[in-house]
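A.B. asks: What follows is a structure written as structure tokens; I'll ask about it next.
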């Protein structure tokens, strides 16, 4: 089962995007708002940004015409709903390790796709999460205020 929802950044113009390689992506908008996409690590789950399909530069300096997220326990189902051409291009791979990180077998898997588009092009960010079924595999997208000095959003 999947669910599709619009993101609050829809219609805004992004001034800069920071992908700091730590499974967090930051968006700074021209109206002064800031957003971040991340997973709040708990204990015994593994959630990571697996792939960025498209060029993040296409999302800068042009209003967002599409900003949505879909997550599903079925990668094929989520991909088919968010981007049918992309669903054909990406091989359907599932982690098959019996015990990926010593936490017990993967009993739960979640694929989360964030799809953004401007007149310049589109970008899909594919996240994958797995756990023993007890811990959240959710990827969050939220507005925030970068307060601490040296934060990636303050350097743009």
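Readers should treat all values here as calculations from the given coordinates under stated rules, not as data from a laboratory. These figures come from a predicted structure and were not determined experimentally. Every residue, glycine among them, receives a Cβ derived from its backbone with ideal geometry; neighbour counts consider all protein chains shown.
A.B. asks: Once you put a point 7 Å from the Cα of residue 119 and another 7 Å from the Cα of residue 134, both along the Cβ direction, what distance in nm separates them?
C.D. replies: Each label point lies 7 Å from its Cα, and together they span 5.3 nm.
A.B. asks: Please rank 12, 57, fewest neighbouring Cβ atoms within 10 Å first, as an exposure proxy.
C.D. replies: 57, 12
A.B. asks: Something else: Taking neighbour counts of Cβ atoms within 10 Å as a proxy for exposure, in what order, fewest first, do 68, 143 appear?
C.D. replies: Placing the least packed residue first, the sequence is 143, 68.
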